[in-house]
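Following: one structure in structure tokens, then a few remarks.
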Amino acid sequence: MQFRTRAIHVGQEADPSNGAVVPPIHLASTFVLPTANGDAQYDYARTGSPTRHAFEAVMASLDGGARGLAFASGMAATHCVTMLLKPGDHLVTGTDIYGGSWRLFNNVLAERGISITAVDTTDLAAVENAIRTETRMLWIEPTGNPLLSVTDVAGCAALAQKAGALLVADNTLATPVLCRPLELGADIVMHSATKYIGGHSDLLGGLLVARDQEVGEQLHWMQNATGAVMGPLESFLCCRGVKTLELRVHAQSATALRLAAWLHQQPTVKRVYYPGLDGDPGHTVARKQYHGGFGAMVSFEIDSDVQGAQRFVESTRLFQLAVSLGAVESLIEVPAVMSHGAYAPEARRAVGIKDGLIRLSVGLEEAGDLENDLLQAMDSLSAS
């Protein structure tokens with residue numbers, strides 16, 4: 001079956017008890033066992049539940065993996081992966097990554113005795129030079145956040161395999177619609193299901209999909225031991241969101257490409273970050289590893305300090321001032337003080353997150369309306 005068909009049907013079989021086309025939400029926390037010591041598919045909802053398994057099954061299918069695991073948030077999923085590391089291990093990660101991941105790596109993991117090296121993962125030579133004997137994991141974002149840099153997944157997979165390390169790809173921004181890292185050699189893919197998978201700004205969730213069954217079992221053991229699992233209502237909402245994922249991502253990506261090209265022509269804008277533009281540094285790699293679009297995130301710099309950037313985002317009317325991304329409504333934010341506020345100012349500037357950087361999450365509104373909204377914000381900034 002093709003991607004769109006699997007998104008609708010895998011894990012979504014009609015209820016055998018009454019023929020309901022949409023499977024029910026199973027709220028039970030515990031399940032009756034046939035015997036005191038007998039095996040059963042379900043016993044306690046932290047270990048597994050029917051609604052959560054339905055979501056895990058469809059995402060494993062879409063990502064091309066052996067095992068899917070759904071969590072209470074994207075950071076819960078990220079934390080579970082890092083629990084595979086032990087004191088003395090080394091993690092190589094990127095500089096253009098989600099601020100929450102940066103905080104976890106540089107604060108929580110560092111306190112556990114795990115050393116961290118952050119490099120520009122678009123530079124494979126820099127990645128190779130960062131790998132050490134004790135390197136056990138390479139963490140990448142195929143599309144970086146917030147600068148939308150593009151990392152060569154297959155190239156990093158070759159380096160990780162050579163080093164005997166796991167390659168983990170946070171594929172939240174690209175989604176399996178555009179990029180499937182497991183097919184390119186990654187061992188684990190992570191999604192914040194809060195974003196495009198849920199798609200409607202009404203749930204928190206995270207997901208891991210392991211390419212190998214053994215790694216999947218290790219992750220499930222850790223998930224069950226630590227307990228940050230996705231609830232049944234969120235699982236149901238994710239199953240519903242997945243059914244329109246491909247349609248939404250393709251439409252949003254098309255609008256994002258139009259907005260990026262339009263922003264590139266505006267005198268107020270110093271630079272546009274979008275891998276779909278011919279002149280973008282990541283365009284060549286993106287064309288090789290993405291299919292059907294380049295994503296629905298656009299970042300751009302204005303010639304202003306952070307206060308000017310804040311005034312700009314506070315002036316939009318359709319773009320709503322909020323963190324997060326990937327939903328049907330368009331969002332706008334200033335990474336320096338919002339999504340990436342966890343970075344120390346000097347670290348933020350060192351990785352290229354400037355005070356005048358603005359990040360857009362492009363929704364499903366009509367493109368011309370979004371252009372007009374940004375134009376009136378530019379006019380407001382010029383008049384102030």
**Asked** Among Leu178, Leu375, which comes first, second and so on when ranked by fewest other beta-carbon atoms within 10 Å?
**Response** Leu375, Leu178
**Request:** Mind checking which of His340, Val269, Gly279 is farthest towards the positive end of the stretch 259-351's charge dipole, using Cβ charges of +1 (Lys, Arg) and -1 (Asp, Glu) about the Cα centre?
**Result:** Gly279
**Between helix 245-264 and the chain: long-axis angle, C-alpha atoms, 0 to 90°, nearest 10** = 20
**Item:** Theoretical gain in end-to-end length, Ile25 to Ser384 [0.36 nm per residue, Cα-Cα removed]
**Value:** 124.1 nm
**Item:** Cα-based convex hull volume of the chain per residue, rounded to whole Å³
**Value:** 138
**Prompt:** How far apart, in nm, are two points set 7 Å out from the Cα along the Cα-to-Cβ line at Arg6 and at Gln320?
**Reply:** 3.2
**Request:** Give a quick list of chymotrypsin sites (Phe, Trp or Tyr not before Pro) in the stretch 229-281 that DSSP marks as loop, anything other than H, G, I, E or B, with at most 11 other Cβ atoms within 10 Å.
**Result:** none
**Fill in**
Quick note, the stretch 136-251: a/c under 1.5 would make it rounded; otherwise a/b > b/c is prolate and the rest oblate (a ≥ b ≥ c, C-alpha gyration tensor); here it is oblate
**Request:** Quick one: go through the stretch 362-381 and flag any residue whose amide nitrogen is under 11 Å from the point 7 Å out along the Cα-to-Cβ line of Gln266.
**Result:** 370-381
**Asked** Treating the beta-carbon of each Lys and Arg as +1 and of each Asp and Glu as -1, no other charges, what is the dipole magnitude of the chain about its Cα centre, to the nearest 20 debye?
**Response** 300
**Message:** Within a 10 angstrom radius of the beta carbon, how do Ser29, Ser149 rank from fewest other beta carbons to most?
**Reply:** Ser29, Ser149
**Complete:** Proxy exposure order for Lys86, Lys270 (fewest C-beta within 10 Å first) is Lys86, Lys270
**Request:** Alpha carbons only, please: Rg and Dmax for the stretch 245-383, in angstrom.
**Result:** 14.4, 43
**Message:** Relative contact order for the chain: what percent, with Cα pairs under 8 Å and sequence separation of 6 or more?
**Reply:** 17
**Complete:** With +1 on the Cβ of every Lys and Arg and -1 on the Cβ of every Asp and Glu, the dipole magnitude of the stretch 79-153 about its Cα centre, in debye rounded to the nearest 20, is 340
**Asked** Between rounded, prolate and oblate, where does the stretch 37-188 land on the alpha carbon gyration tensor, with a ≥ b ≥ c its root eigenvalues, rounded for a/c under 1.5, else prolate if a/b exceeds b/c?
**Response** prolate
**Item:** Cα gyration tensor, the stretch 84-174 - rounded (a/c under 1.5), prolate or oblate
**Value:** oblate
**Request:** Keeping to pairs on different chains or 8 or more places apart, tell me how many lysine pairs in the chain have Cα atoms under 29 Å apart.
**Result:** 10
**Item:** Positive-end residue, the stretch 78-216 charge dipole about Cα centroid, Cβ charges, pick of Ile140, Ile114, Ser201
**Value:** Ile114
**Message:** As I understand it, the value is the acute angle between the Cα axis of helix 367-383 and the longest principal axis of the Cα atoms of the chain; what does it come to in degrees, rounded to 10?
**Reply:** 50
**Request:** Place a +1 charge on the Cβ of each Lys and Arg in the stretch 103-215 and a -1 charge on the Cβ of each Asp and Glu, then give the dipole magnitude about the Cα centre in debye, rounded to the nearest 20.
**Result:** 140
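Taken together, the values in this text are just the output of simple stated rules run on the coordinates, not laboratory data. Keep in mind it's a predicted model, so treat the numbers as computed, not measured. Note that we place each Cβ from the backbone using ideal geometry, even for glycine, and neighbour counts take in every protein chain shown.
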